[in-house]
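Everything below concerns the one structure shown next.
The values are calculated or read from the model by the stated rules, or taken from the named source; none is laboratory data. Because the structure is a prediction, the values reported are computed rather than measured. Because the Cβ atoms are built from the backbone with ideal geometry, glycine has one as well, and the counts that use them run over all protein chains shown. With ligands, DNA and RNA removed, areas are computed over all heavy atoms of the protein, side chains included. Shrake-Rupley method; radii C 1.70, N 1.55, O 1.52, S 1.80 Å.
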Amino acid sequence: MKLPIIGAAVLAAAMTLAAGHLTAQAPPQDDSEKEIERYRQMLSDPFSNPGFLAVDRGEVLWAEPRGAKKASLEACDLGEGPGKLDGAFAKLPRYFADADRVMDTEQRLLWCMDTLQGLDTKDVLARRFSGPGRASDLEDLTAFIANKSSGMKIQPQLSHPKEIEMAAVGEELFYRRGGVMDFSCATCHAEEGKRIRLQGLPNLSVAGATAQATMASWPTYRVSQSALRTMQHRLWDCYRQQRWPVPDFGSDSLTALTVFLQKQAAGGEIAVPSIKR
Amino acid sequence: MTKTAFLTAACAALLIAGPALAQQKPSQATIEAYVKSTFGKASPEWQARITPDESLAVCNTTRNAVSSVQSEAIIKREMAKVTYPADGKLLGDWKKGYTVANNGRGGQFSDPPGTVAGGNCFACHQLDPKEVSYGTLGPSLSAYGKDRKYDAEAIKDAYTKIYNSMAVVPCSNMPRFGTNKVLDEQQIKDVMAYLFDPESPVNK
């Protein structure tokens, strides 16, 4: 999908204005809530969403022959059959018999790069998160794949025993406190209508609308980071705020948390890439 | 279906449901294996930070909903970890206290070594009523000292609370700033003054 990019500068200017309003406003909570809502509306205009650039880059990468085997990823099986992309993301993470593991999108991509392309994934992993002047294949490919499930509903896969285990462990991890601040996910995401400073915190401890809206909007273009981000980055950032050690990219706890969150979000209608602060 | 046949069927169903239910609550060993696979490369110091102590382990297994027996045990254990200043002074400089309350840095893997940690009180509490950027995970502390008439008892209770929140409320969501060595004694005295000095914006 190609979309015009309306100057990021315009967007940045709009944000500065919004931020100015936020600090200039008088105390009552309702007022600041209203301001935040206005600012969110500004961010949800799809025609100014640079996330679609990542989708386009991902589409090119998907078809490009690479690695020792000079193969593309087009035969990669994301769960719906080799090369079948439509709706695959809506059912990820899921169990893959060939790997005998539950994998999320990025873990599966790394698997396909290794087995199908013979690609050295060290470099791909070094660029797991994009930065200024450094694109991330994994972010771009995930954006492309996820976009092929836009308009579809989140369908958590919970039939294989390993999928069931993942959901259960993910739930335990959600409530596991630790680090110098004694934080768990639940410290910040288990009550309605709470916020940290001015940032609203979704309550992800209950299944339903909030979890659906949250999970259905990832991957997302983060304006504050000028980058498309996936759930791998969101959880990395939340563990940072939780004062926990760096979580290993594409590791089991992150996938377990994702399975649990997808379970909370079952039925949510995917609309990605979205755009957020 | 006869009564016995029905009962047999019901028992069989229970037997089948048994293992399925057991699977819903994974064993501690399984959970630890997941944690290890994700955080196992961290340094021993960082590993130690995410190994729950006795009190936190209880908070984790009960999801903070402790029984009264557990609650008493936690309060006793955490109270023993509180150290009051040797000079007996609980209040420092409110201006420095504002900096402590406003600083959200420290303890994150992205922090450069030597980063001075803050208390990040604004993340969860309203303090100075003129500051709009405050969080709501904790109660408003505006006019905290004034409302308590700067009472000595209230001052000591607040010191205890900030030093070790669980010595007051078991499994409190508030960090144990002193016990977990996030803030040092002087920082806690300063933030205390931010709450209790009549000149502090908190009480204006």
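Structure values in brief
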| item | result |
| --- | --- |
| Selection count, the stretch A:79-91, where residues are touching a Lys or Arg at 6+ places or on another chain (Cβ under 9 Å) and either touching a residue at least 24 places away in the same chain (Cβ under 8 Å) or open to solvent by 80 Å² or more (accessible area, probe 1.4 Å) (or both) | 7 |
| Residues (more than 16 Å from residue B:165 (Cα to Cα) and within 7 Å of chain B (Cβ to nearest Cβ)) located in the stretch A:174-186 | A:175, A:176 |
| Some residue of the stretch A:174-185 being in contact (Cβ under 8 Å) with a residue 40 or more places away in the chain, acidic (Asp, Glu) and crowded, with 20+ Cβ neighbours inside 10 Å | no |
| Selection within the stretch A:86-105 - of a type outside the set (Asp, Glu) and under 15 Å from residue A:152 (Cβ atoms) | A:87, A:88, A:89, A:90, A:91, A:92, A:94, A:105 |
| Residues located in the stretch A:56-78, provided they are open to solvent by less than 40 Å² (accessible area, probe 1.4 Å) and under 24 Å from residue A:228 (Cα atoms) | A:56, A:58, A:61, A:62, A:72, A:73, A:76, A:78 |
| Matching helices (runs of 4 or more DSSP H) fully within the stretch A:75-184 where at least 3 residues are of a type in the set (S, T, N, Q) | none |
| Matching option when the condition is crowded, with 24+ Cβ neighbours inside 10 Å, away from chain B (no Cβ under 13 Å) and polar (S, T, N, Q), among A:255, A:230 | A:230 |
| Count of residues meeting criterion [among the small types (Gly, Ala, Ser) and in contact with an Asp or Glu (Cβ under 8 Å, 6 or more places away or on another chain)] in the stretch A:135-179 | 2 |
| Residue match in the stretch B:175-186 (condition: open to solvent by less than 70 Å² (accessible area, probe 1.4 Å), in a helix (DSSP H, G or I) and in contact (Cβ under 8 Å) with a residue 24 or more places away in the chain) | no |
